[in-house]
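In what follows, a structure is listed as structure tokens, so that the remarks can point back to it.
The values are calculated or read from the model by the stated rules, or taken from the named source; none is laboratory data. What you see is a predicted model; the values in this text were computed from it and never measured. Cβ sites come from the backbone with ideal geometry, for glycine too, and all protein chains shown count toward neighbours. For the accessible areas, the whole protein counts, side chains as well, though only heavy atoms, and no ligand, DNA or RNA atoms are used. Shrake-Rupley method; radii C 1.70, N 1.55, O 1.52, S 1.80 Å.
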Amino acid sequence: MQKIILDTDPGIDDAQAIAFAVAHPDIELLGLTTVFGNASVEITTRNALTVLDQFSQPQIPVAKGAGKPIQQSRFPSPDFVHGSDGMGNLNLPSPKAQAVDESAADFIIRSASESPGTISLVAVGPLTNIAEAVKKDPSLPSKVKELVIMGGTFNEAGNVTPVAEANFINDPHAADEVFAHDWPAKVIGLDVTLQTRLGDEDLLKIKEKCNAAGQFLWDSSRFYIDFYSSRFARSGIHERSCAMHDASALVYLVARHKFDFIAGPARVVPDGFAQGQLALDSKKEPYLLPHWESRPDTHVAINVDANHVLQTFVDTLTAHSFT
Ligand code: RIB
Ligand code: CA
């Protein structure tokens, strides 16, 4: 059984990732920690609680985290991707539970300290909580089993600028801080998440098998699929589907051999026109500038067996009743 804490900004694809974490028999979801990103942290925290209700898991703790980036101002929420409520404008009911009385960073530090070496930290939003946690407890990387991050891009173009992916540009200082520390860190970025497309046919199967949770996943994905279908059409892909960003980081936990990685010290550009760009030293040449020196290797996924990831996602959800 793999114990995980999921740091998240729900977010429609975050809800898909939470569904996988709840449904997979080898994953134990210890808690959700929330961060701003797809909406304000007030909204993403409410969504985290409501999504857990939709999946019949109201007992899973939710710890509210950062409402703004470490240094820069917060960008406007991407309501054209996730809706103004972060869930495709579904007007969902109020959650049954409340967030716990502990910050996201403290929840992460305490959980890792109580069970050293056993917890995988999976971060699928801006990295603000993780940066705050490691600044507060620099021994955190030695206490977690691994850090798996959805964010960044290496060969692919960015999704919010030509070079930047959304989670990294939302707090580039936090991402750069995180990569200064010696975790076993894996980055599941756009190079692989854009390859795996979750389509209406897949979501129909989930809707048919997963009761109210399936209906919720179908309903919430309408807005997101509308957005992605028009974006994909501009690249010549004509199908009703969305990129499987956040869920890919979860599927990685149970299909590690299906992802190919390159490695090297990582930096994230803090500002300027390349703000949020992942700058990986994969060649380790004796370069002119020293900014990558004394940083540990970060592993960045550059290829994936997309069919396997998609099938694993659909099979895992449809095998689970969510009641
Ligand atoms: O770039 C994709 C990421 O940005 C995902 O985590 C998605 O939820 C959005 O926050
Ligand atoms: Ca997310």
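The largest-to-smallest principal axis extents of the Cα set in the chain are 57, 48, 38 Å. Within the straight-line cut-off of under 19 Å between alpha carbons, the lysines reachable from residue 143 are 3, 135, 186, sequence neighbours fewer than 8 places apart in one chain being disregarded.
Coupling constants for region 181-198 follow from the phi torsions by the Karplus curve (6.51 cos²θ - 1.76 cosθ + 1.60, θ = phi - 60°), and in residue order they are 9, 8, 7, x, 10, 10, 10, 10, x, 4, 4, 10, 6, 6, 6, 9, 10, 8 Hz; glycine and proline get x.
Taking 27 Å as the cut-off for C-alpha to C-alpha distance, list the pairs among 136/258; 64/283; 64/207; 68/209; 145/258 that go past it. Each step should come with its number before you reach the end.
Working: 136/258 34 Å; 64/283 39 Å; 64/207 29 Å; 68/209 38 Å; 145/258 20 Å.
Violating the 27 Å Cα-Cα cut-off are 136/258; 64/283; 64/207; 68/209.
Protein heavy-atom surface of the chain, 1.4 angstrom probe: 51% of the accessible area is carbon and sulfur, with nucleic acids and ligands not counted.
So what is the relative contact order for region 2-318, in percent, with contacts set as C-alpha pairs under 8 Å and at least six apart?
Working: 723 pairs, mean separation 62.1, N = 317.
It comes to 20 percent, rounded to a whole number.
Two numbers describe the Cα atoms of region 176-271: Rg and Dmax, which are 16.4, 46 Å.
May I ask you to give the solvent-accessible area per residue for the chain, in square angstrom, as obtained with a 1.4 angstrom probe?
Values: 12790 Å² over 323 residues.
Result: 40 Å² per residue.
Among 241, 221, 294, the largest mean-square fluctuation in a Gaussian network model of the chain (Cα springs under 10 Å) belongs to 294.
Please sort 168-181, 80-93 by packing, taking for each peptide the average over its residues of neighbouring beta carbons within 10 angstrom, highest first. Mind dumping the intermediate values first?
Details: 168-181: 24.9, 80-93: 18.7.
Listed from highest to lowest mean packing, they are 168-181, 80-93.
Compute, for the chain, the length of the dipole vector about the Cα centre, with Cβ point charges of +1 (Lys, Arg) and -1 (Asp, Glu) only. Units Debye, rounded to 20.
On the way: 26 positive and 40 negative charges, 21 e Å.
My answer is approximately 100 debye.
For residue 96, a cut-off of 17 angstrom between C-alpha atoms picks up these aspartates and glutamates, skipping any fewer than 8 places away in its own chain: 42, 53.
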